[in-house]
Structure formats: C-alpha cells, structure tokens
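Data first, discussion second: the structure below is written as structure tokens.
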2 protein chains.
Amino acid sequence: MSEKVVIIGGGAAGPKTAAKLRRENPNIKIDIYTQEEIISYSACGLPYYIENIIQNPETLIMRTPEDFQKQNIDVHIKQQCLKVNTKDKTVIMQDLISGNKYEVNYTTLVIATGATPVIPNIANINLKNIFTLRTIQDGINIKNKMLESKRAVLLGGGYISVELMEAFVHNGLQVTLIEKNSQILKMFDEDFSQAVADYIIGKNPGQVSIFTNEDVVAFSGNKKGEVTKVITASGKEIETDLVILGTGVRPNTDFLEGSNIKLGIYNSIKVDKTLKTSIQGVYAVGDCTDNYNLVTNRYTWVPMGSTANKEGRCAAINIAGGSCFFDGILNSTITKYFDLTISIIGISYKEAQELGFQPEYAIVTKRDKAGYMPNTGTITLKLIADRNTQTILGIQGIGDGEVNQRINTVIPAILGKTKLETFMNLDLPYSPPYSPAIDPVLNAAQIVYHKING
Amino acid sequence: MSEKVVIIGGGAAGPKTAAKLRRENPNIKIDIYTQEEIISYSACGLPYYIENIIQNPETLIMRTPEDFQKQNIDVHIKQQCLKVNTKDKTVIMQDLISGNKYEVNYTTLVIATGATPVIPNIANINLKNIFTLRTIQDGINIKNKMLESKRAVLLGGGYISVELMEAFVHNGLQVTLIEKNSQILKMFDEDFSQAVADYIIGKNPGQVSIFTNEDVVAFSGNKKGEVTKVITASGKEIETDLVILGTGVRPNTDFLEGSNIKLGIYNSIKVDKTLKTSIQGVYAVGDCTDNYNLVTNRYTWVPMGSTANKEGRCAAINIAGGSCFFDGILNSTITKYFDLTISIIGISYKEAQELGFQPEYAIVTKRDKAGYMPNTGTITLKLIADRNTQTILGIQGIGDGEVNQRINTVIPAILGKTKLETFMNLDLPYSPPYSPAIDPVLNAAQIVYHKING
C-alpha cells in the first residue's frame, strides 16, 4: 500500500499537521476527518467574536475544506472516529448525517481530537441557554443569546470565564461568576488572583459579582425550558438569561479504549518528544496529548492553541522523514480583562512550595516606561526563584502596562536555567518610550537575589 | 582616615552609585562632584522634552542636590576634576565659577564622567545655533531655538538624529539629515537601515530629506553670526535655522592622563566585572567605561543609560563590601520614529561575517497579534544565527507593532547560547490580543533552523 496519512480532528493541530506535511511532501496522501462542519479555526478567538470586537466568525477560520482541496488534502466533515485498530492499521468512522459506519486504513495515523468541556453534575443542567464554549457554533449560539440577554452567570473562574466576562460586560450584561474554589485563576498565587478579582469588580462597580467557595447545586427554568435561575449551596438564587459552563475540559480520547494507545495524565495521550504515541505509526498532537513540564520535570496536561500548532508542525516534519523535537512546555498563559493583562509562566510560589522547591519571591509594581513619559502604564510582577539553584521558577504579571514584554524576557531564562546573578544585569534595550533605565523585571530579579543572598 | 567615597560625575551613573551606596551603608562619607548645575537626570529623555511631549525639563531630574543632602550625600556642582593622583589618593578639582583649584582626598574614587560629543572639524563650526545634545541645558537651548525655527539640519545618522528628527518634524520644521557613510543607523544591516530611512521619508513626504555618502565641508552664517547654510562636499547648499551635531561621542577621560588608570578601547576606562579600574581603590561606571560584548567576546564601547545604572548599582554593592558582577553587554538598543519601533540586539549579519562567524539569517514580516484581531501592527524581524553553534547572534526588529516583546525574548537566549532547535519551540504565552498562535520570533527561528539544517 502506498503511504496514506489519516488525521482525526479538525481544530488547530490536525489541519496544521496536514498543511505542514503537504509542504514537506507534495505527494503523500492526506485525509482529515472531523466531527464538525468547520475546520481549521482559532477557538481562542471566540470570546472576541462573542464580545463583538470581531463581527464575522469566518475571520477565525484559517483554511476551508476547499483551501485544503487545492493542496490535495481531502477533508471529511461530520465524520466521527469510533475506534482505532492499531494492529490492522484501520479506524472505524461514522458518518454523523447518515449514521453509516465504515473502515478507513492508514499507514500513519495522527490523532488530533482535542478536548471537550466537562459537564458538571448539576440538577437541570439540560435547560436551554446553558452553554459550553469550544466550537464556532458554540460561539455563534452564545453570541446570539447574549445579544438579547440582560444577565449572565459564569461557572468556573478560569481564563475562558474572565474572557467571556469582558465580552458580556462590554455588551451591557449584569454578570456573576461562581467559583467553587477559594480563588479564581487557580494557577496564580492567591495575591495575584485577588488583585485580578479586585480589578474586575472595581472596573464596573455594581455590574459584576464574583463568588468564590460557592457551589452551584441546581438550575431552574421557565415553561419554555429556558434557564432562569442559578441556585447555590449557600442558598443564593441568581436570576439569569444564560449560563456558561467554564468548568474545565478533558481530552477527547474515549474512542481509544481498547486500542493499546497508552494514555497519560487525565487520560491525555502519552507522546514522546517526536509526538509519537506508544504505538508505531500513530502520532498525537494538540489538546488531546499530554505535555512535559520543563520546570517541574513532570507530565502535565495544559491544552493550548500555541502548543497545538507547534506539535502539529513538529509531527508533520517527523512524518515526512525529518527530525523535530518538541521538548515540552512552561505552562505559559496570558489573557486580558479589558486593559488588564494577566499572565503566568512556569510555576507559582504556592506550587513551588508544594513541589518541594525552596522558593523565594519578589513583587514589584512599576511604571512600564520612563516615569516622565506620557501614557505610561503600571505593571506588577511576581518573580519566583529557587534558593538552591538560584534560577527562576516562574513569573506572574498583571497590569495595564506592557506586561508581555517582561514575561517573555523570563521564558528563555527559565528554560536555560540562567542564574539570577546573570539575569538581573541582562542587557535589555532601553529607551524612555519603552522602559525605565532598569527594567522592572530586572528590579524583581535584583530583589529576589538580595533576599536569597543577603 | 575614615572611609570617604568621592564620585566624579553627576549624570546617571555617579548619582546611582551614591544612592545605592547610601542604602548599603548608612554611615560612609559620600561626595559627588559635577561640572554641571543639574545632577541625576535622564539624558535619554531630552529628545522628548525637545519634541514637547514632556513640557518641563525638571521632570527628567531623578534627584536634586537637596534630595541627596537628605541622604547625607554632599553634591558639589560646577566643579571640574583636573587630575587624579592615585598614589596620594587625591584629586585636583577646579571651581568653575571662581576658578580656584583645590585638592580632595578619597579612600575610594568613582569615576563617572560620562561622554562628550565629538565636534567635527568643519569650517565655521563656531557659528550660533550649531548644537550638540548632552546636558539638560543643551536640551533647553535646542528647544528654544527650534520653537522659532522653520528648518533644521542634522549631522550624523545615529539614534539621536532619528529621535531629534521626530521632534523637529512633530514641530513642523523642514528637516535634512546628512550622513557621511552609506547608511543611517550603521549598526543595522543595510536592508533594515534602508527600511527605516524609507519609513522616515514616506511618513512626511516633502518635509524630510536624508542624504547619505555626503560630507559637510562648511557652514555659512549671517551678520549676527548665526548659521544659515550647510555646505556639502558634493556642492549642496542647504538653508537652515539650526544644526545638530549628532556626529558621535567620546569618553570623558582626558583628565586621567598621567594617572596610571588604564584606558581601553576609544580611550574609555578599562574596568573588570566588579567595575574596578586597574588601580586599587578606583572604580569607574557609566559612559566613560569600556564594555565587554558577550556575543563577540571582545571589548567595545557602547555608552547607554541602562548600562550606566546597572554599573552604578553594582559598583556601589562592591564598594560596600558586597559582591556584584556586571558581566557585559549585548549591544542592545531601541528607539522609535513616531510609530516605528527600531531595535537591534547582538550583532548584525554584516558584523557576524566580518568577525568570522558563519551567519545565516531569516527575515519575517508578520502581524503582531492574531490576524483577525482589530488594531494589529506589523513587525519585521531579522534573526541571525551561527551555522557552527546553531545559536542566535543577534536580532533586528522594526515595525509599528509590538517589536520589543519579541526582541526581549531573544536576549536571554543569546546570552545562554540556547540552541535554535530549542528556541524555535519556546513556550511563549499565546492569546489572540497578544500574538499569533506561533509567535513571529519563533517563525524566524524555524526558518533560520531550516536554512541551516535543510
């Protein structure tokens, strides 16, 4: 049989693999199968479509099935993978329109099935206008409902809830966020999480509520079967027109049961640095794979669009006979709430303690440019370093100033285990419109160094 | 004799040394001597004061002599150092008002005399309204003249000329820049230099001229002794109301003749990583010192406000008995011309070739955010790597988008000699308002890697 690459999944990682593989090899046969109608889109852009910063959802689509056809890549929409037989090198597919099942053979299989929202076990969860956000169709449904709504409730205090809170507030809704844990954005230390919550509340007083340590026990609805109320364990009854379940995601790997493809943490697919699974000829990329954390040296699962794209690219190079290694991640994330940038890289102080490091930290709040320049912003950085190795373990940054520039400076230093002593005198380019003479991220490093070494 | 630290120079490095030393040691006697009236100011902010983005020059002053007095640091203004006797541990000072000379003894001497503009040997250079820009008084003089002028000529195509060109254009002047070399911004490769020149010309067509390969041979003036014309070797006669000499600076070290303090490249003061000079008990910091280039492993001289501050801090720690090492620099610089950010780190492709590296490069032009987001900018990056070591030697970046964030990402990677293979999959935080899914700087690294490794 001539070489045939079958890709299961049409979000970001699968199409990226296909497109890169075609550039590497003009002749190899490539087929993409996806459950959805739309392929190759940026799910990360959906909150901004809902907010109405982006008007047309089609702008989120990178390539259409027709675009792929022009590259001689066949896209099969509305097709679900039911089973993988790694011995026969076949997959059992089902046409979601006709219901027909059929077999497809492959020489190389790429699993890129992504992740699915977790639906919590709450009474009346099937009422109308209770949404999850994952696909473009989800985005369209949420936006349509939002435009006729006055109130929204968000379950869960992760990034997606913060981003949708901005969208809803921007569109005039009264918004309530309910988080069962003691803080929103749980990857952050409590002080930074609290600062973000304070900013959110303070920005639109009276329009936004955040309840932590609060469990939702039931929804209630009207005669049309639409959600009208969210009921919490502490007895709160919150009237609403729509609910978003931002209560986490899980890897889409149930169909792999019995396939001998080894799963890892949280049932994500175990992959090596070349994106190979435990079975010869089977790769996995994107949100369905596990990730190696280069700070903790442990496997983790952090589904991210950027990782999906890098993994897809890397897998394609390897499938084409080249050599690409994806070493791992640093749990790098960033988002914003209106003007406030919110970012964390590596591990928090709390996590560093839990993992047995001997962490020390510094918090600095500074202008992002020379103080005498107009239009400066403020940034607050928390730099965490290990007392033993004197290297950086992580950084948290928030502010209406240029946070990203500082955060990014730290990333290769975490990876390269640059000593604090070296990092704190790093030659960052200086000019008054861009930074103070000594950059805030270097101030933070100087303070941590001083705390450790006296 | 009890310990007495004498600091010569009041720009950035000297006052920084004094302030940090006082924090480290509350009792040690500290005296600062400066030729100027104003001390502890940001010379880098002067172009923005002239542009009138900053109205009051006092906002550029970090600390006044009175502020220092409160910290028990004595500031002596209008005092020039004529000679250093390292055997006696004395300096000969001259009061610039009375003309009186006197001797001051020290236990530790810190030389922070900065740099002075180079005055080119051109006929009639002493005409009025021919300026250099170094001190606050220079800035005030230039601004006052600019406000009554219609035309300006800038000699030299370095950062200061680009920044003053923005200032003058913003204030409605007709501006001509004359550069004797074949390109402006000579530390950049020719392609990037040309792109900046094209941007400058294109932004205000008809208002700005740039002449390269052009030598100024004379100025001519009116009866009042004011400059009215700039005459070039090729026979151009350019009418003007003011001239700026942006023709370089040299370290202010003439007074060290006969002192046995060893000078290095371009007569800058040779210092080790602890900022000690060749003579026991004598430190030097800021624009008057040489710099170790961590990419080329050669000594160089790159006077920068950020380096001055870091050196001042580091020297103070060492004088106070602590331990601080300033390893060196990466020639990191950044500026802007209106919306265009202009930055270079490390070495250019041209310089890499000259130094015997085997350089390869990639140029990418990309949006700075996800393409579907509003208000994206464009950035163009040129990443230079060494074929032998597969490490990054430098990056040049220009654009109206977020350049600094990418530039800064590369800096610890240059320093840490991170392999391209590792760098190109770096886990940069991704969200549509901050970057595309694969950041342009990683695209650039992927392309260079591919060019080197096939």
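The values are calculated or read from the model by the stated rules, or taken from the named source; none is laboratory data. Just so it is clear, the model here is predicted, and its values are computed rather than measured. Neighbour counts run over all protein chains shown; Cβ positions are idealised from the backbone, glycine included. For the accessible areas, the whole protein counts, side chains as well, though only heavy atoms, and no ligand, DNA or RNA atoms are used. Shrake-Rupley method; radii C 1.70, N 1.55, O 1.52, S 1.80 Å.
Leaving ligands and nucleic acids aside, the B/A contact buries around 5500 square angstrom of accessible area in total at a 1.4 Å probe radius. In chain A, taking the dipole from charged Cβ atoms about the Cα centre, the farthest positive-side position among A:Gln71, A:Tyr292, A:Ala445 is held by A:Gln71. The mean accessible area for residues of segment A:241-359, using a 1.4 Å probe and ignoring ligands and nucleic acids, is 35 Å² per residue. Short-range pairs are left out: with C-alpha atoms under 8 Å and at least six residues apart, the relative contact order of chain B is 13 percent. Of the whole protein surface, A:Thr380 contributes about 30 Å² of accessible area at a 1.4 Å probe radius. Computed with every protein chain present, the accessible area of B:His450 is close to 100 Å² [probe 1.4 Å]. Burial here means at least 10 square angstrom less accessible surface with every protein chain in place than with the chain by itself, probed at 1.4 Å; in segment A:385-418 the buried residues are A:Glu402, A:Asn404, A:Gln405, A:Asn408, A:Thr409, A:Ile411, A:Pro412, A:Leu415, A:Thr418. Note on A:Cys314: accessible area approximately 0 square angstrom, rounded to 10, probe 1.4 Å, nucleic acids and ligands left out. Per-residue mean of foreign Cβ neighbours for B:56-64 is 2 (Cβ atoms of other chains, 10 Å radius). When you filter the trypsin sites (Lys or Arg not before Pro) in segment A:1-88 for DSSP loop state and at most 16 other Cβ atoms inside 10 Å of their Cβ, you are left with A:Lys78, A:Lys87. Taking the Cα centre of each part, how many Å lie between segment B:13-63 and segment A:145-189? First find each Cα centre; the distance between them is then 47 Å.
Excluding same-chain neighbours fewer than eight residues apart, the aspartates and glutamates reachable from A:Lys89 by a Cα-Cα span under 15 Å are A:Glu3, A:Asp31, A:Glu103.
Rounded to the nearest 20, the size of the Cβ-charge dipole of chain B about its Cα centre is 600 debye, with Lys and Arg at +1 and Asp and Glu at -1. Taking +1 at the Cβ of each Lys and Arg and -1 at the Cβ of each Asp and Glu, which of B:Ser259, B:Tyr199, B:Ser348 sits farthest along the dipole of the protein assembly as shown towards its positive end, judged by Cα position relative to the Cα centre? Farthest towards the positive pole: B:Ser259.
Of chain A, which part is the longest with no GluC sites (Glu not before Pro) in a loop (DSSP not H, G, I, E, B) and with at most 16 other C-beta atoms within 10 angstrom?
My reading of the result: A:258-454 is the longest stretch.
For the protein assembly as shown, A:Cys44, A:Cys81, A:Cys288, B:Cys44, B:Cys81, B:Cys288 stand unpaired, since no other cysteine beta carbon lies under 4.7 Å from theirs. Label-to-label distances for A:Gly172 across copies, nearest first, come out at 4.4 nm, using points 7 Å from Cα in the beta-carbon direction.
For the cross-link pairs A:Lys203/A:Lys336; A:Lys70/B:Lys369; A:Lys417/B:Lys417, the ones whose C-alpha atoms lie over 22 Å apart are A:Lys70/B:Lys369.
Centre-to-centre separation between the Cα atoms of segment B:295-326 and those of segment B:432-449: 33 Å. The charge dipole of segment B:339-453, taken about its Cα centre with unit charges on the Cβ of Lys, Arg, Asp and Glu (plus for the first two, minus for the last two), comes to roughly 180 debye.
Check each of the trypsin sites (Lys or Arg not before Pro) in segment B:345-408 and keep only those in coil by DSSP with at most 15 other C-beta atoms within 10 angstrom; list them in order.
Working: sites: B:Lys350, B:Lys366, B:Arg367, B:Lys369, B:Lys382, B:Arg387, B:Arg406; in loops: B:Lys369, B:Arg387.
Those satisfying the criteria are B:Arg387.
The dipole here belongs to the protein assembly as shown: it is taken about the Cα centre, uses +1 on the Cβ of Lys and Arg and -1 on the Cβ of Asp and Glu, and is about 780 debye. Only protein atoms count toward the accessible area here, which uses a 1.4 Å probe; on chain A, the carbon and sulfur part of that area reaches 46 percent. Note on segment B:83-99 and segment B:233-285: Cα centroid distance 20 Å, given to the nearest whole angstrom. Based on C-alpha pairs under 8 angstrom that are at least 6 apart in sequence, segment B:339-453 has a relative contact order of 31 percent.
Count the DSSP beta bridges whose two residues both fall in the protein assembly as shown, then state the antiparallel fraction as a percent rounded to the nearest 5.
Here the share of antiparallel DSSP bridges comes out near 60 percent.
Out of B:Ile407, B:Ala123, B:Asn388, whose Cα points farthest toward the positive end of the dipole of chain B (charges: +1 Lys, Arg; -1 Asp, Glu; placed on Cβ)? Positive-end residue among those listed: B:Asn388. Among the chymotrypsin sites (Phe, Trp or Tyr not before Pro) found in segment A:143-228, not one is both in a DSSP coil and sparsely packed, with 10 or fewer other Cβ atoms within 10 Å of its Cβ. Taken over chain A, the convex hull of the Cα atoms encloses 169 Å³ per residue. The 3J(HN,Hα) values that the Karplus relation (6.51, -1.76, 1.60; θ = phi - 60°) gives for segment B:228-236 are, in residue order, 10, 8, 10, 10, 9, 4, 7, x, 6 Hz. Gly and Pro appear as x.
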